[in-house]
Amino acid sequence: MVVTLQNLKNKTAIVSGAGQGVGRGIALSLAASGASVVLLGRSLEKLNATLAVISEMGGSGLVISLDVKNSEELAQAVSTAVAEYGGINILVNNAQEVPLGSLLDVDESKIEAGWQSGPMATLRLMKLCYPHLRGDGVIINLASSAAKRWDMSGYGAYAAVKEATRSLSRAAACEWGAEGIRCNVIMPHAMSPGLACWTESRPEEAAEFIATIPLRRIGECKEDIGDFVAMLCSDACRYVNGQTIGLDGGQAFLG
């Protein structure tokens, strides 16, 4: 899928975790569709690299370095975005610290970081952006098909925080839909830096994983995930609300 239409022109989007991976891919696709993109994340260097690509394509962007676990920094970021662009039309909650490990081994501090960076940061940003999204706003939150694994060993804490994000998203879709705000969830598989490192370091395990994907490949961060999100934020999907959509080549069954 290639997004060429400027169907998000005059829109402003906030994307958390925009310095790399899926967040970067989404930010680039939104910019390619005409949106001004506010890039949130911890690494100023990575955020500036994303902004450089947006600038090269003739787009507009703004970098804000922060920790999404910090509520005051989130509030300041939203205020800065509104002051710069006059409003917010799209919110993408992508940032997430990942608590992995068996239930007996996973550190509670990792779970707390996962909770604060995932569902709590998502809820805080949704509430902060809510006044600006009313009328024609779109929220895209990221979850994971880890919660749909046949063997949940080692993924329980991660799936738990991601499922909390799904529940908050469904509530937002139902509570705010009448005010013109759509909220949907995606569950992506994409060649992020972390996944690329895993496939290189554990090629046999990676091959077994890819074999469970009907399309037999891992998605691209921009072309497979970002471009779909850009379409989902456009009027072409104006009646899509409250849904969880697997962008994983058909691996997860959400029925």
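The values are calculated or read from the model by the stated rules, or taken from the named source; none is laboratory data. All figures in this text were calculated on a predicted structure; none of them were measured in a lab. Note that each Cβ is placed from the backbone with ideal geometry, even for glycine, and that neighbours are counted across all protein chains shown.
Please give the number of the condition Asp151 fails out of (1) at pLDDT 95 or above; (2) acidic (Asp, Glu); (3) in a loop (DSSP other than H, G, I, E, B).
Looking at each condition in turn, Asp151 falls short on (1).
Just to be sure before I move on: is Ala49 buried (at least 23 other Cβ atoms within 10 Å of the Cβ) and either at pLDDT 95 or above or over 14 Å from Ala77 (Cα atoms) (or both) in the structure I sent?
Values: buried (at least 23 other Cβ atoms within 10 Å of the Cβ): no; either at pLDDT 95 or above or over 14 Å from Ala77 (Cα atoms) (or both): yes.
Judged against the criteria, Ala49 is not a match.
Can you spot a residue in the stretch 128-139 that is at pLDDT 95 or above, of a type in the set (Phe, Trp, Tyr) and more than 15 Å from Ser16 (Cβ to Cβ)?
Yes - at least one qualifying residue is present in the stretch 128-139.
Quick one: is Gln96 surrounded by 18 or more Cβ atoms within 10 Å (Cβ to Cβ), of a type outside the set (Gly, Ala, Ser) and part of a loop (DSSP other than H, G, I, E, B)?
Working: surrounded by 18 or more Cβ atoms within 10 Å (Cβ to Cβ): yes; of a type outside the set (Gly, Ala, Ser): yes; part of a loop (DSSP other than H, G, I, E, B): yes.
Criteria met by Gln96.
Residues being under 13 Å from the mean Cα position of the chain (by Cα), closer than 28 Å to Asn7 by Cβ and not hydrophobic (A, V, I, L, M, F, W, C): count how many of those fall in the stretch 80-130.
4
Answer yes or no as to whether Ala146 is small (Gly, Ala, Ser) and over 20 Å from Leu254 (Cα atoms).
Numbers: small (Gly, Ala, Ser): yes; over 20 Å from Leu254 (Cα atoms): no.
Criteria not met by Ala146.
Yes/no per residue for (1) at pLDDT below 95; (2) buried (at least 24 other Cβ atoms within 10 Å of the Cβ); (3) more than 17 Å from Val138 (Cβ to Cβ):
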| position | (1), (2), (3) |
| --- | --- |
| Gln6 | yes, no, no |
| Lys11 | no, no, no |
| Leu30 | no, yes, no |
| Leu39 | no, yes, yes |
| Glu45 | no, no, yes |
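Taking Leu74, is it buried (at least 19 other Cβ atoms within 10 Å of the Cβ) and either part of a helix (DSSP H, G or I) or in contact with a Gly (Cβ under 9 Å, 6 or more places away or on another chain) (or both)?
On the way: buried (at least 19 other Cβ atoms within 10 Å of the Cβ): yes; either part of a helix (DSSP H, G or I) or in contact with a Gly (Cβ under 9 Å, 6 or more places away or on another chain) (or both): yes.
Answer is yes for this residue.
Given the structure, is Gly114 under 23 Å from Gly87 (Cα atoms) and not basic (Lys, Arg)?
Working: under 23 Å from Gly87 (Cα atoms): no; not basic (Lys, Arg): yes.
In short, no.
Could you please tell me which pairs satisfy a Cβ distance under 8 Å, a separation of 6+ or placement on different chains, a first residue in the stretch 55-74 that is basic (Lys, Arg), and a second residue that is surrounded by fewer than 19 Cβ atoms within 10 Å (Cβ to Cβ) and not in a loop (DSSP other than H, G, I, E, B)?
Lys69/Ala113; Lys69/Gln116
Which residues, taken from the stretch 64-90, are of a type in the set (Asp, Glu) and out of contact with any helix residue (DSSP H, G or I) (no Cβ under 8 Å at 6 or more places or on another chain)? First the steps, then the outcome.
Step one: of the stretch 64-90, the residues of a type in the set (Asp, Glu) are 67, 72-73, 84.
Result: Glu72, Glu73, Glu84.
Of the residues Ile225, Ile213, Ile181, only one is at pLDDT 90 or above and in contact with a Ser or Thr (Cβ under 9 Å, 6 or more places away or on another chain); which? Break it down into steps so the answer makes sense when it comes.
Values: Ile213 fails: in contact with a Ser or Thr (Cβ under 9 Å, 6 or more places away or on another chain); Ile181 fails: in contact with a Ser or Thr (Cβ under 9 Å, 6 or more places away or on another chain).
Of Ile225, Ile213, Ile181, the one residue that is at pLDDT 90 or above and in contact with a Ser or Thr (Cβ under 9 Å, 6 or more places away or on another chain) is Ile225.
Within the stretch 102-136, work out how many residues are under 20 Å from Val37 (Cα atoms), buried (at least 24 other Cβ atoms within 10 Å of the Cβ) and not hydrophobic (A, V, I, L, M, F, W, C).
So the count comes out to 1.
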